[in-house]
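A.B. asks: Below are the structure tokens for one structure; questions will follow.
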Amino acid sequence: MKHIIYAIVFVVIGAFSLTSCDDFLNMQPTNSGNASGAIATPADAKVALNGIMSSMTSSSYYGRNFFMYGDAKGGDLTIYSAGRGLDGLYSFSHTPTSGSYSGFWTVGYYCIMQINNLLENINRLQEAGTAGLDFYEGQALTLRALIYFDLVRLYGLPYNYNKTSYGVPLAVTTLNSDAQLTRATVEENYDQILEDLAAGKTLLASDKSVQKGYIGYYANLAIEARVKLYMENYDGALTAAKEIINDNKYQLYTPSAWVNSWSSEFGSESIFELGIYPTESDLGTSSLGFYLMRIAQVTGASGYFYASDYYLNRLGEDPEDVRWGIMDEDEYWYNTQISRKGACYKYMGGLIRSDGTFPGDGKESQTAVNIKVIRLSEIYLIAAEAALNASTPDKEAAASYLNEIRKRAPNLPPATAATITDEMILDERSKELFAEGQRFFDMIRKNKIIEFNDDFQDIPVSTRNKTIDRTFYKIVLPISQDEINVNPAIGDQQNSGY
């Protein structure tokens, strides 16, 4: 369902413009103001949720940069030429005053601000006897958990590395405009995430139907599975993943259907998908799709990022892997005629057609392609990793879950209880979830060394080594100086090294 943005004013914050989510600069994690009259009915709550999810499709969040962050920093993407945009995600050239990518912080807290106001309005109406709001409350709590999970991974060290280190400030109620929040610990962030997910799941359990374009019961479970995997709570992650798989509300794409799945909305694997529409959230030549296509493929395509040699070698373990179907020749091929399929077209709906257009996902704009936040494929991969590492490991089950995804590479031998390893699962996650923002976080949580394909691009990288691991201080972003200026209480809590 189209997420239409209505003119509902949640708060009055004098320093902020509401014309674009990307315009929120120097934002404190506060959400002051009187929004008591903004939400009067369940229908108003639904409209408010539409607005929150629309804000999440900002270029500074799920609309582009969050997915680019995960693959560029994780070594699965590289740049052929510097200076085209978002280079800092690959080069780690971050400081508090330059290249801080503070949009993650400002957009994330803007969405949390809206959610907190919505939740307080829902509670006010419930106390007055208004019914029909529980499901919307559950959706709001789940979205808040997801956003906090994203923020703590960007600004805090991995839970299994140092959970007592600084995470992000916790704002779970509306605050005065002069509030000066300080950073919680990573563990406190995760505690709040799990609390929100648990409360949200209870409220969403009344309707376990598939929610197209909205958070539902199974999206809540999927986020829980992902969060607990990062915590190395493998038993909990497996329980959540198995419930999704066994309830059979979603189905994996067959190998023959996988490529075309990217050219339609709300497919059988899509557990949570954010809508992108031509008149709302469509970033055009600044979209995720344009950042991953070959330079000059169509007007405005600048060839920002391509698959690294390391990713292509991984995918090339089987030349008949169906996932080659959304890859095409990149700039290197264009200049040398040496075959190299490093351009990705997941977010253009597939490869360019004979008439010079892309399939998109059924809308009139080629770049208005929905963002698939969580797919069933990931749940199978979570189940495989969790079963392998559970308190009572089940290697046979782990191999079975992995093989459901491994079928997409028909020439690779199936995993068995004797052959399955964490490395095999990690490689399959890379191949299946390419350009979906997962690789960096996977490598860091698994304590792996990340190697970058620096020799593919024309300007040496001087702001990091060719290989990094999780001891490198720039695996987390700095708190921007603008944020510190408006919230001095956080000034002594800058991430180490910055």
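A.B. asks: Excluding Asn189 itself, calculate the net charge of residues whose Cβ lies under 12 Å from the Cβ of Asn189, where each Lys or Arg counts +1 and each Asp or Glu counts -1.
C.D. replies: Details: positive: Arg144, Arg153, Lys163, Arg183; negative: Asp150, Glu187, Glu188, Asp191, Glu195, Asp196.
Result for the neighbourhood of Asn189: -2.
A.B. asks: Report the label-to-label distance for Asp469 and Glu243 in nanometres (one decimal), using points 7 Å from each Cα along the Cα→Cβ vector.
C.D. replies: Computed distance between label sites Asp469 and Glu243 equals 3.7 nm.
A.B. asks: Which values, in whole Å and largest first, are the semi-axes of the equivalent ellipsoid of the stretch 276-369 obtained as the square root of 5 times each eigenvalue of the Cα gyration tensor? Show your work: numbers first, answer last.
C.D. replies: Working: eigenvalues 111, 41, 27 Å².
Each semi-axis is √(5λ); the values are 24, 14, 12 Å.
A.B. asks: Which value in deg cm²/dmol, rounded to the nearest 500, describes the helix-derived mean residue ellipticity at 222 nm for the chain, given -39,500 (n - 2.57) per DSSP H run of n ≥ 4 and division by the residue count?
C.D. replies: -12000 deg cm²/dmol
A.B. asks: Distance in nm between label sites at Ser286 and Glu317, each 7 Å beyond Cα in the beta-carbon direction?
C.D. replies: 3.9
A.B. asks: If you don't mind, another one. Pull up all non-local amide H partners of Ser308: gap of 5 or more, or a different chain, and H-to-H distance under 5 Å with H placed in the peptide plane.
C.D. replies: The list, which skips near neighbours in sequence, is Leu77, Thr78.
A.B. asks: Spelling out what I want: for every residue of the stretch 353-366, take phi, set θ = phi - 60°, compute 6.51 cos²θ - 1.76 cosθ + 1.60 (Karplus), and round to whole Hz; glycine and proline get x.
C.D. replies: 8, 5, 8, x, 10, 10, x, x, 10, x, 9, 6, 9, 5
A.B. asks: Report the local net charge at Ile490: Lys and Arg +1, Asp and Glu -1, summed over other residues whose C-beta lies under 13 Å from its C-beta.
C.D. replies: Working: positive: Arg183; negative: Asp482, Glu483, Asp492.
Taking every other residue near Ile490 into account, the sum is -2.
A.B. asks: Out of every Cα-Cα pair in the chain, what percent are more than 32 Å apart? Walk me through the numbers before you get to the answer.
C.D. replies: Details: 47828 of 123753 pairs.
Looking at the chain, the distances longer than 32 Å represent 39 percent of pairs.
A.B. asks: Moving on. Can you give the net charge of the other residues whose Cβ lies under 15 Å from the Cβ of Lys163, counting K and R as +1 and D and E as -1?
C.D. replies: Summing Lys/Arg as +1 and Asp/Glu as -1 gives +1.
A.B. asks: For the stretch 262-278, just list the computed ³J(HN,Hα) in residue order, Karplus coefficients 6.51, -1.76 and 1.60, θ = phi - 60°, integers in Hz, with x standing in for Gly and Pro.
C.D. replies: 6, 9, 9, 7, 6, x, 5, 9, 7, 8, 9, 9, 8, x, 10, 10, x
A.B. asks: Take the residue pairs Lys73/Lys163; Lys346/Lys407; Lys212/Lys448; Lys73/Lys407; Lys249/Lys363 and return only those whose Cα atoms are more than 30 Å apart. Can you show the working numbers first?
C.D. replies: Details: Lys73/Lys163 22 Å; Lys346/Lys407 19 Å; Lys212/Lys448 36 Å; Lys73/Lys407 28 Å; Lys249/Lys363 25 Å.
Correct reply: Lys212/Lys448.
A.B. asks: Which percent, to the nearest 5, of DSSP beta bridges fully inside the chain are antiparallel?
C.D. replies: 90
A.B. asks: Binned at 5 Å from 0, what are the whole-percent values of the Cα-Cα distance distribution for the stretch 140-216, short to long?
C.D. replies: 3, 15, 22, 19, 17, 11, 9, 3, 0
A.B. asks: Something else: Would you kindly derive the ³J(HN,Hα) couplings of the stretch 477-482 from the backbone phi angles with the Karplus curve 6.51 cos²θ - 1.76 cosθ + 1.60 (θ = phi - 60°), listing them in order in whole Hz, with x for Gly and Pro?
C.D. replies: Karplus values, whole Hz, x for Gly and Pro: 7, x, 6, 5, 4, 4.
A.B. asks: Compute the distance in nm between two label points, each set 7 Å from the Cα along the Cα-to-Cβ direction, one at Asp427 and one at Tyr161.
C.D. replies: Calculated label separation equals 2.4 nm.
FYI, it's all coordinate maths here, none of it is from the lab. Source: prediction; values computed, not measured. Every residue, glycine among them, receives a Cβ derived from its backbone with ideal geometry; neighbour counts consider all protein chains shown.
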